[in-house]
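First up is the structure itself, then whatever we jot down about it.
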Amino acid sequence: MGAVFHRRRYFAPFPRGLSMVVRAVVLDIEGTIAPIAFVRDILFPYARKHLADFLADHGDEPAVASEIAAVRQAAPGMDVTKALLGWMDLDLKIPPLKALQGMIWQTGYDRGELRGRIYPDVPPCLRAWRERGLALYIYSSGSVPAQRLLLGHSDAGDLCPLFSGFFDSKIGAKREAASYQAIAAQIGVDASDCLFLSDVEAELDAARRAGWRAAQVVRENDGTVGSTRFPNCAILPDADALLESWNT
């Protein structure tokens, strides 16, 4: 797999006039450090299967009730369960849906019915970057609790301590430049010193518009189509070449 994509790897030039150092690496999850199939074929069906029972059993709990109220506000007059299932069918990134999915997955992880799947090249690369002084963050459409669950119960152990922070759609949509500006401001790092790694070209476009560096992770197993406008990385360690070129 690696050799094929190494031959196709494209290193796009970064806009001139920006500082030549990367201090923070912000990573997407699905299709970047975790297989899309795990989210699509394991996590989403699990949440769908257990949704009705979860709402019936926990609907009176404050945290759950708050999200149910948000669903009713977003879909007035609709049955809550039907509204959520409809959003799932459309793969919409609506905050109360993501929050409730995370709560359901929490139960699955606690029961040992779920275990996060991470690409094997990821954990050693993250540890190496941390040892070199890079600050690592996650920015995913999944809720922050769901991110922590996947990484904290992964098949590579608890990876959460490697990260300095987590961001979800509450900071803003991933295809909006303002979201990346907000993240840079919150972590206290200049935009030009931030690198975003994702498999989605539109998200990389938004990061670049915010002044970030951006590179696409092109996983063969996920069927990602490589962009000709961003550097391509077949595996996470491929980004080392980019970091070396930018940090010299």
- Check residue 167: other-chain or 5+ apart residues with amide H under 5 Å from its amide H, H built from backbone geometry? 138, 139, 140
- Residue by residue through segment 160-168, which ³J(HN,Hα) values in whole Hz follow from phi under the Karplus form 6.51 cos²θ - 1.76 cosθ + 1.60 (θ = phi - 60°), with glycine and proline marked x? 4, x, 6, 9, 8, x, 9, 10, 10
- Message: At 7 Å along Cα-to-Cβ for each site, give me the label-to-label distance between residue 221 and residue 63 in nm.
- Response: 3.0 nm
- Message: Check which residues have an amide H placed less than 5 Å from residue 196's amide H, if you skip close sequence neighbours.
- Response: 26, 213, 214, 215
- Note on the structure: Calc'd 3J(HN,Hα), segment 51-56, phi into Karplus 6.51 cos²θ - 1.76 cosθ + 1.60 (θ = phi - 60°), Hz, glycine/Pro = x, comes to 4, 4, 5, 5, 5, 5
- Item | Under-5 Å amide H pairs with residue 34, H placed in peptide plane, nonlocal only | 119
- Order of 107, 32 - criterion: other Cβ atoms within 10 Å of each residue's Cβ, fewest first: 107, 32
- Message: Suppose only helical runs count, i.e. DSSP H with n ≥ 4. What mean residue ellipticity at 222 nm does that imply for the chain under -39500 (n - 2.57) per run, divided by all residues and rounded to the nearest 500 deg cm²/dmol?
- Response: -13000 deg cm²/dmol
- Message: Restricting to Cα pairs below 8 Å that are 6+ residues apart, what does the relative contact order work out to for the chain? Please round to a whole percent.
- Response: 29 percent
- Item | Using alpha-carbon coordinates, inclination of helix 62-74 to the longest axis of the chain, degrees | 80 degrees
- Which angle from 0 to 90°, rounded to the nearest 10, does the C-alpha axis of helix 177-187 make with the longest principal axis of the chain? 80 degrees
- Note on the structure: Taking every DSSP bridge whose two residues both lie in the chain, the antiparallel percent to the nearest 5 is 5 percent
- Query: Can you give me the relative contact order of segment 17-117 as a percent, contacts being Cα pairs under 8 Å and 6 or more apart?
  - Reply: 30 percent
- Contact order normalised by residue count of segment 155-248, Cα under 8 Å, 6+ apart, percent: 19 percent
- Task: List, in order, the whole-Hz ³J(HN,Hα) value for each residue of segment 170-176 obtained from phi through the Karplus relation with A = 6.51, B = -1.76, C = 1.60 and θ = phi - 60°; use x for Gly and Pro.
- Result: 5, 7, x, 5, 6, 9, 10
- Task: Mind checking the full-extension length gain between residue 49 and residue 81? Use 0.36 nm per residue of separation minus the Cα-Cα distance, one decimal, nm.
- Result: 10.4 nm
- Message: For 103, 78, which order do you get if you count the other beta carbons within 10 Å of each Cβ and list the fewest first?
- Response: 78, 103
- Note on the structure: Over its alpha-carbon atoms, segment 52-139 yields an Rg and a Dmax in Å of 17.4, 53
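Here, each number is a calculation from the coordinates, and none is a lab measurement. Predicted model, so just to flag it, every value in this text is computed and none were measured. Virtual Cβ from ideal backbone geometry, glycine too; neighbours counted across all protein chains shown.
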